[in-house]
Amino acid sequence: MEALTAPQIASGLNKALAEGRIPSSTRIYGPTILPKSQAKIVIHVSHEQWPELGKVLHELQRKRSISKKDLLTLRIDPYSL
């Protein structure tokens, strides 16, 4: 994601955590600034609660797509989720 939008996305994720829209076991780290004006946010959640977080991230991507914003790159580990 672009370094300029990373703080807004991190803030939104932290707000969702505070409001209980994502699992309470969720840990949000970042944003970390990367080369070429990019940034990353690392999100850890328990394996059992991944589907709840996945729904929120899917909705975030859907809304970004509708508003013609760049989509986020998601890397899921383990990939078999």
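Among the residues of segment 1-19, write down those that are in a loop (DSSP other than H, G, I, E, B) and either farther than 15 Å from ALA39 by Cα or polar (S, T, N, Q) (or both).
THR5, GLU19
Return the pair list, or none, for Cβ contacts closer than 8 Å from residues in segment 52-71 that are at pLDDT below 95 to residues that are surrounded by fewer than 12 Cβ atoms within 10 Å (Cβ to Cβ) and assigned to a helix (DSSP H, G or I), at least 6 apart or on different chains.
Qualifying pairs under 8 Å: LEU71/SER65.
Is it the case that ILE22 is of a type in the set (A, V, I, L, M, F, W, C) and not in a loop (DSSP other than H, G, I, E, B)? So that I can check it myself, show each step before the final result.
Working: of a type in the set (A, V, I, L, M, F, W, C): yes; not in a loop (DSSP other than H, G, I, E, B): no.
No, not satisfied.
Quick check on my filter: what residues within segment 60-75 are farther than 16 Å from PRO7 by Cα and loosely packed, with under 12 Cβ neighbours inside 10 Å?
Matches in segment 60-75: ARG62, LYS63, SER65, ILE66, SER67, LYS68, LEU74, ARG75.
The values are calculated or read from the model by the stated rules, or taken from the named source; none is laboratory data. As the structure is a computational prediction, the values presented were derived from the model and not from experiment. Note that we place each Cβ from the backbone using ideal geometry, even for glycine, and neighbour counts take in every protein chain shown.
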